[in-house]
Each structure stands twice: as C-alpha cells, then as structure tokens.
Amino acid sequence: MMFEDDRTSVPRAYTALPDSPDHPDPVEDLKRSIEWCHAQSDGNLRAIGIQIGSRFDLKDEPLIEALVRRGATVYPDSRGKVARLPAGPVLAYRPLPQTLWQIEDHRGPSAIAAVGITGPSHFRHAFTPTKSVGAQPWVSAYNPKHLGGPVIEAKTPVVSDPVIWEALKTFTNMINSSTGLSHSSDRSSVTEGLTKLKADGHNFSPDDLLAGALRLNWKGSAAVELRELALEINAGKQKRFRKMLRPDIVEIWRAEANSATPFDH
C-alpha cells in the first residue's frame, strides 16, 4: 500500500476457542501463547503488552494476572476501541474479529498472539442466512502459527478469482495508506472497479477481499472499509462513482491474471 511500511512478515500466532466438548483444556493453549510471546520478547516480560477488553477480565485468568505481576502491561479497550499498543509483542486476549482489524491498524507491535479467536467451524450450527467466518480472513492473510484449539483453515489462494486479485493489487497501488477509502477519489475508483467486475461476471466475497487487502499490507480499518463496500455492492445497492479507470480495465486485469504465476498470492 502506498507509503506504508510492510507489516505482513510480523510474527503472528493464535489459539482458537473450543468448537466441540472434547477439546483439551484451553488453559494449556493460553500457556503456550504466553510462552510464545515470552520468546518473541527475548525473555523480557516487561516488553509484552496484553490487549484486553477490560481490566475486569483479568480476574478470570490467573495466568494473565501473573504475567502482569511480572511486568507485562495491560492495554484495555477505550470505549470499544484499541487506543494504543506497545512496540513489543502483543497478547490479544479473546479478541473479536473487529478487534483484530483494529490491532492491524497499529504498526508498532513486533509480534501478535491472538488468544481465543473463532473460525467458520464455530458458526456451523448458526441459523442465519449468512454464516460468520470469524477471524478466518486474518488467518488467511497472515498464516499465523497455530498454538492450540481447532485449526482455522487459511484459504489458499486468499482470493480465488485471479482477476479479482489483480484488481486488488491495482487498488493497493492507487490508495493513500493514511486515508484508506475515506478519500473520495480513492473510494470512487475502488467502487468503479468492483462495480465493473461484478457487471462482467466476476463475483467476489467481501471476507476474501478483506483477507486479500490485509495480505497486501492494508491497514485493518481500510481493509474493513473495502469489505463493507463490497457487501453493499453485493446487496445490489447502487453506488455512485466518477469514472476514473480505463474503460477496458477489466480486460487489463484479465490479461494480467493470465500472465501471472499461478497462486502467486
């Protein structure tokens, strides 16, 4: 993404919440996560930050309380927002997907361990028209180390349609990383591109676009904006845009997809 330091190679790891009664003790998963953060901090527990919804959550986890007593710093949410994070490893305790996207807005942490996340298997019995995929886009984007709980499948390739992938690379090169899709011209170009792709028979998954954007080093908030825009377009909402792309842009993306190395993403 334009003007943005590459954060895609930052070490990441996760444990998933149990999705069946026979899952082993999740306390062991938390122990492994703390040990992983300890290793990422070169043995300096004071360098570890604990991202948590509220300080009141600490009383439910003696292991995290012990980690704080030994020097780790707690970074609770501020009115539901991840306000700040340290430059060292971050242990995110039971983050919701939207919390993970916020964490990926912060460019400082040297490593991220997400403890107790969810994936598609956690929602397989949900009676909803569209089942949640939980944090799967984050897993697909970064391929974090699995430390415990059920494995969350990372989609490969992240975006199945290579033409969509080429479009996403074009969007990445166009957008200013400091503003994401909040800048009117950037949003208009992406809206135009997605609208043309859909009109030409290239369907896209908003969750896969989110994962692809993260893979291409978008900030979390910008990737979420892309997902929300894609959801609106898929729902049939007529989005206005100024014609800023070449008339044959979809053909260009198709040609680039045909000449690309298979599964280069």
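Quick rundown of the values:
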{"read-out": "Rounded to whole Hz, the Karplus (6.51, -1.76, 1.60) HN-Hα couplings of the stretch 41-56, x for glycine and proline", "value": "8, 6, x, 9, 5, 5, 7, 7, x, 10, 8, 8, x, 8, 4, 5"}
{"read-out": "Positive-end residue, the chain charge dipole about Cα centroid, Cβ charges, pick of 190, 152, 120", "value": "190"}
{"read-out": "Tensor-based shape of the stretch 203-265 (alpha-carbon gyration tensor, a/c under 1.5 rounded, otherwise prolate or oblate)", "value": "oblate"}
{"read-out": "Amide hydrogen neighbours beyond the local backbone of residue 155, cut-off 5 Å, H modeled", "value": "140"}
{"read-out": "For residue 117, distant residues with modelled amide H under 5 Å away", "value": "15, 16, 17"}
{"read-out": "Net lengthening on full extension, residue 27/residue 8 (0.36 nm per residue, minus Cα-Cα)", "value": "4.0 nm"}
{"read-out": "The stretch 148-158 - phi-based ³J(HN,Hα) in whole Hz, Karplus 6.51/-1.76/1.60, Gly and Pro as x", "value": "x, x, x, 6, 9, 5, 8, 5, 9, x, 4"}
{"read-out": "13 Å beta-carbon shell around residue 86, net charge (K/R +1, D/E -1)", "value": "+3"}
{"read-out": "Summed side-chain charge close to residue 125 - residues other than residue 125 whose Cβ falls under 12 Å, Lys, Arg +1, Asp, Glu -1", "value": "+1"}
{"read-out": "Under the Karplus curve 6.51 cos²θ - 1.76 cosθ + 1.60, θ = phi - 60°, whole-Hz ³J(HN,Hα) for the stretch 164-172, x wherever Gly or Pro sits", "value": "4, 4, 5, 5, 5, 5, 5, 4, 4"}
{"read-out": "Set of lysines with alpha-carbon distance to residue 243 below 29 Å, sequence-local pairs under 8 removed", "value": "169, 196, 198, 219"}
{"read-out": "Whole-angstrom gap from the stretch 55-86 to the stretch 192-265, using each part's C-alpha centre", "value": "37"}
{"read-out": "Label-point separation in nm, residue 55 to residue 239, each point 7 Å along Cα→Cβ", "value": "4.2"}
{"read-out": "Proximal charge balance of residue 142 [Cβ under 11 Å; K/R count +1, D/E count -1]", "value": "+3"}
{"read-out": "Under 16 Å from residue 155, Cα to Cα: lysines that are on another chain or at least 8 residues apart", "value": "145"}
{"read-out": "Residues with amide H under 5 Å from that of residue 50, placed H, sequence gap 5 or more", "value": "73, 74, 75, 91"}
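The numbers here are math on the coordinates, done by the rules we state, and not lab data. All figures in this text were calculated on a predicted structure; none of them were measured in a lab. Cβ atoms come from the backbone with ideal geometry, glycine included; neighbour counts cover every protein chain shown.
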